[in-house]
1. Enumerate the amide H contacts of B:Y44 below 5 Å, restricted to partners 5 or more residues apart or on another chain; note that Pro and chain-start residues carry no placed amide H.
2. Report the net charge of residues surrounding B:S466, where surrounding means a beta-carbon distance below 10 angstrom and charges are Lys +1, Arg +1, Asp -1, Glu -1.
3. If you average the sequence gap of Cα pairs under 8 Å that are 6 or more apart and divide by the length of region A:418-474, what percent do you get for the contact order?
4. Whole-Hz ³J(HN,Hα) for each residue in region B:57-69, computed from phi via Karplus 6.51 cos²θ - 1.76 cosθ + 1.60 with θ = phi - 60°, x for glycine and proline: what do you get?
5. How high is the FRET efficiency from A:K411 to B:R361, r the C-beta distance, R0 60 Å, rounded to 0.05?
6. Charges on Cβ only, +1 for Lys and Arg, -1 for Asp and Glu, centred on the Cα centroid of region A:301-410; of A:V327, A:G315, A:A405, which one is farthest towards the dipole's positive end?
7. When a/c is below 1.5 the answer is rounded, else prolate if a/b is larger than b/c, else oblate, so apply that to region A:29-81 with a ≥ b ≥ c taken from the square roots of the Cα gyration tensor eigenvalues.
8. In percent, how large is the relative contact order of region B:367-484, given Cα pairs closer than 8 Å and 6 or more residues apart?
Amino acid sequence: MSLPDGWEMVVGLEVHTELKTNTKMFCGCANTFGAAPNTNVCPICLGLPGSLPVLNVRAVELAMAIGTALHSTISPSTFHRKNYFYPDMPKDFQISQYDLPINAGGYLDLPDGSRVSIERAHLEEDTGKSTHLGGSGRIHGADRSLVDYNRSGVPLVEIVSGPDIRSSAQARTYAAELRGILIATGASDGRMEEGSMRIDANVSVRRTGEPLGTRCEIKNLNSLRSLVRAIDFEAARQVELIEGGATVRQETRHWDENLGSTSTMRVKEEADDYRYFREPDLVELVPDQAWQDRVRDGLQPMPAERRTVLTRRLGEPAPALLDALEVVIDLGLDSYVIAALDAGVAPDLAVARAANEIASDLEGLVNLGVDSYVATLLMEQRGELSATQSKTVLAEILANGGEPASVAASKGFERLASGALGEVVAQLIDEHPDVWSRYRSGDEKLAQFFIGQVMKLTNGQANGKEVIAELQARR
Amino acid sequence: MTELTDLSIAEAREGLKRKDFSATELARAHLAAIEVANSALNAYVLPTPERALAMAKASDARIMTGEAGPLEGIPLGIKDLFATKGVRTTACSHILHGFTPPYESTVTANLWAAGAVMLGKLNNDEFAMGSSNETSFYGPVVNPWRRKGSSAQLVPGGSSGGSSAAVAARLCMGATATDTGGSIRQPAAVTGTVGIKPTYGRCSRWGIVAFASSLDQAGPIARTVRDTALLLGAMASHDPKDTTSVDAPVPDYAAAVDKGVKGLTVGIPAEYRVAGMAPEIEALWQQGVAWLKAAGAKIKEVNLPHTKYALPAYYIVAPAEASSNLARYDGVRYGLREKGHDVTSMYENTRREGFGQEVKRRILIGTYVLSAGYYDAYYGQALKVRTLTIDAFRRAYREADLLLGATTPSVAFEFGSKTADPMAMYLSDVFTIPSNLSGEPAISVPFGTGEAGLPIGVQLLGPGRSEAQLFAGARVLEIADGRP
């Protein structure tokens, strides 16, 4: 969707990502998703009187890894208290970073060649989770509110981009690329549906060439689809307002996925005064050069670099293959694809089986070594397994383990002897003379009829290409 | 034989070791004293006799098997600001109604590990906000001292008024206390007891209900300098649960008590002679100077510029932190909850009902000074004064090892005499506040009495982690005052 001619949108994103640490940011409670409510809690993350925070070193390392990947400057930093009342925030303040974030500046290069600047990537703690019963489902007007503090104190990094994004598509690309980086650094699992990555979008519009307009902040976008829809809706709303002679009011807006629209949450005048001040319970955080170097040395290659390596190996991949390639990069299956290519597997096959079959059972990856992946694909490529059989073998190994050859044998996937296939084809020609004669006179699509019949008679053991070869030989 | 409750901790340790008496007998003597006197003094808000006897019994067993800790069997009172596992802890505020922590403060855990026995929880000003123990939800504490020829009740100082009164009245051998702006030293001074505010971070803050986190520091109150040193030695530790705690071994404070002051330079800060200071306190201060000189110390006039700004700076920094620290008392999770028609009115009703006047005043001041548009003029300026205070002490300690001054500008006063005028009340802390801003240690030791026969305390101040020297200096003054 695009804006009317002469209009431009200006977008900056604030991405909150939960860090994949074993324990919470300031206490020893487990950082896991999906536990029974209020089971991963202690005096610290419940804010009981006299409790004190102790900073999780792993959270700091992951924040530094994100900053390093985003070309930020890692600096001595401090923690502040952001004061406001909300039932799911046990201390009624959030420990966050303010004027001295751990990561300052930086940039992210996107696959489309554009560059988005990064203002900061700072550490903060997550809040608990409220469920409001009755009313609108929001806190005001609710009959009751339930609070689960399991998420309270989970470490977050907030990555703030510059106002460099000019379309919803670019915003999507930025978020997707950032998600890839968060996964590659080991900082996050990138699971937006579990809330481990949440996005706020600052959107304004202007006539091309004019100064920046008044912005609105859309809170809590939980999927790339919502991000795109919300930005497009909001930019169009603002253009309509201005073209109708009105002005945009600076405010925080709520995105309603079902209505497909944004609505006012609070206007600037109602905004909380957070009364930031230095958190006196924590000392200054000063990562020395040696620590920064260890984090840098421990970083795996980022998606952009891996994309370059893989596309170079694939020659000139078709657009469809590029999408599958993004899945491979996202899931970190590069080594499988590269090993298959090294062994001479065709590029589309090497990518497709990883992006589809492996991707559908990631937990089974422990059962599937790179060698087994390559061996299965080679069997398929040599015609020893049909495509269907090859997928079945991969699924079986992912689920239960095993060697490709023995798994294929145990499933009865033995290649038909070439003579046997010829006999089946000859028999079918005899049984269907009309179809055979139409095929001979040039109706190529009837080959599918014969392939289907052969598969039926051979329990899927035949190879489609070989059936066509047999038909051609008899034409 | 002397009454068991009159013994010092040092004497009681010897008596227990010689098996002159048992820890159980010692605990019973104090429980009996509490039984008799607490209704008049209101020093304890929650005596814990059963726990005391159980702990004393365990102490006796350890003494029998030769496993006695350094404070084995010593009965102590615990300020209600310290979280005690399974024992109600409210900071003497209604808002923590019925709160029983599932955890123990590090300081009390250290004391129990050393063998000490808990007699109960001691009264204090609500959330340690006050200088007279008049703001406690559980009512004021009465100072066991009276003016000569008068029966008028006097305040025991604050906020550790329960601690100072209980120690002075022999309702415990020593007590834990906390000092955010003088809350250990001022009550010690007006009850004739010894109290030390250690270096910031020397005692862990884990499990101590926070008032102003960058200023709060725990310390002991006892009847002698040696007892105070023994207690601090057990309370102090490096604690990984408090990242602001001092990461250094705890010196043997008790061994330092008799080291004297020979060869030390004691500075006399000119700025501590403030208008309105009682002449009798001024006179005793000068006598202290003479005694230290006689004991071999060099005396030197020093300057602590900006001292007059410390008090206003403190009354910005402390309320600012308090306004944030006390936000969590919102009725959602624990303590008091007053119903409301929505979450905001529940917050409002709970906090209106749960907090007392002084606490509300400080929350309002603190919220104001941190607000957008006022931050720079108040909180920002106060932080600059704090830096100047630290700097002034640093310069003074280039010229002197220790500083000597009065602890308080006046002796114990009558109830209600300052409650109507918060500024007059706040002035009680004028000499104690600078060392909270700087994070440096200071000890108050009884030094004579004024005309009305009320105790007066003098204060020795020192640079960071100079507690051992402070104990030695305080001991010289104690001996000079007639307690060899």
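1. Amide H to amide H, under 5 Å and 5 or more residues apart or across chains, B:Y44 pairs with B:N123.
2. Working: positive: B:R465; negative: B:D401, B:E440, B:E467.
That works out to -2.
3. Details: 30 pairs, mean separation 22.5, N = 57.
Relative CO of region A:418-474 lands at 40 percent.
4. 4, 5, 4, 4, 4, 5, 4, 4, 8, x, 10, 4, x
5. E between A:K411 and B:R361, to the nearest 0.05, is 0.15.
6. A:G315
7. On the way: a/c = 3.64, a/b = 1.65, b/c = 2.20.
It comes out oblate by the Cα gyration axes.
8. It rounds to 25 percent for region B:367-484.
The values are calculated or read from the model by the stated rules, or taken from the named source; none is laboratory data. This structure is a prediction, so every number in the text was calculated from the model and none was measured. Cβ: placed from backbone, ideal geometry, glycine included. Neighbour counts: every protein chain shown. Just so you know, the surface numbers come from the protein's heavy atoms only, side chains and all, with ligands and any DNA or RNA stripped out. Shrake-Rupley method; radii C 1.70, N 1.55, O 1.52, S 1.80 Å.
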